[in-house]
1. Would you be able to say whether some residue in region 34-47 is part of a helix (DSSP H, G or I), crowded, with 18+ Cβ neighbours inside 10 Å and out of contact with any Leu (no Cβ under 6 Å at 6 or more places or on another chain)?
2. Within region 81-101, restricting attention to residues that are among the aliphatic types (A, V, I, L, M) and within 15 Å of residue 1 (Cβ to Cβ), which residue is modelled with the lowest pLDDT?
3. Answer with yes or no whether residue 64 is out of contact with any strand residue (DSSP E or B) (no Cβ under 9 Å at 6 or more places or on another chain) and under 21 Å from residue 2 (Cα atoms).
4. Restricting to region 51-65, what's the tally of residues that are of a type in the set (Lys, Arg) and in contact (Cβ under 8 Å) with a residue 12 or more places away in the chain?
5. Exactly one of (1) assigned to a loop (DSSP other than H, G, I, E, B); (2) modelled with pLDDT of 95 or more; (3) of a type outside the set (D, E, K, R); (4) under 14 Å from the mean Cα position of the chain (by Cα) is unmet by residue 63. Its number?
6. (1) closer than 17 Å to residue 104 by Cα; (2) buried (at least 20 other Cβ atoms within 10 Å of the Cβ): which one isn't true of residue 27, the others all being true?
7. Do you know which residues across region 28-60 are modelled with pLDDT under 95 and of a type in the set (A, V, I, L, M)?
8. Quickly run through region 35-50 and pick out the residues that are small (Gly, Ala, Ser) and touching a residue at least 40 places away in the same chain (Cβ under 8 Å).
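The values are calculated or read from the model by the stated rules, or taken from the named source; none is laboratory data. Because the structure is a prediction, the values reported are computed rather than measured. Neighbour counts run over all protein chains shown; Cβ positions are idealised from the backbone, glycine included.
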Amino acid sequence: MQTEQIKELVIDALDDMKAQNITVLDVRGRTSVTDWMIIANGTSSRHVNAVAGNVEEKAKHAGLRPNGTEGRAASDWVLIDLIDVVVHVMTEQARHFYDLERLWGEPGNSGQKDA
């Protein structure tokens, strides 16, 4: 599966579960870990867990095997590593605290996708 298809699959899975504030960050050339980061909010820990579960399910159904998933126990921030695309599903509080957009985003370009 091509990277663009993986990004679309993830965005669709996030949209399906009503994730909020979906942001796509192009991190190519800034890290060797991944090419894209997709960040989204859940409204609660339970919602974060459900959204992340839907992303994992859709990825597996498409034949993708996540390289790893972290944060399921706490569920205020779940990371799903799909190699070329890393997905962060967070509560609003965790997202504000860690501010990944500031760390990884390009100045003047938030990369935000209207969801």
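1. Of region 34-47, the ones part of a helix (DSSP H, G or I) are 45-47.
The next check asks that each one be crowded, with 18+ Cβ neighbours inside 10 Å; those that pass are 47.
Still in the list and also out of contact with any Leu (no Cβ under 6 Å at 6 or more places or on another chain): 47.
Within region 34-47, one or more residues are part of a helix (DSSP H, G or I), crowded, with 18+ Cβ neighbours inside 10 Å and out of contact with any Leu (no Cβ under 6 Å at 6 or more places or on another chain).
2. Of region 81-101, the ones among the aliphatic types (A, V, I, L, M) are 82-83, 85-87, 89-90, 94, 100.
Now restrict to residues that are within 15 Å of residue 1 (Cβ to Cβ): 82-83, 85, 87.
Working: 82: 97, 83: 94, 85: 98, 87: 98.
Looking at residues that are among the aliphatic types (A, V, I, L, M) and within 15 Å of residue 1 (Cβ to Cβ), I get 83.
3. On the way: out of contact with any strand residue (DSSP E or B) (no Cβ under 9 Å at 6 or more places or on another chain): yes; under 21 Å from residue 2 (Cα atoms): yes.
The answer is yes for residue 64.
4. Taking region 51-65 and keeping what is of a type in the set (Lys, Arg), we get 58, 60, 65.
Remaining after also requiring in contact (Cβ under 8 Å) with a residue 12 or more places away in the chain: 58.
Adding up the residues that qualify gives 1.
5. Single failed check for residue 63: (4).
6. (2)
7. Matches in region 28-60: 33 only.
8. First, the residues of region 35-50 that are small (Gly, Ala, Ser): 40, 42, 44-45, 50.
Selection gives 40, 42, 44, 45.
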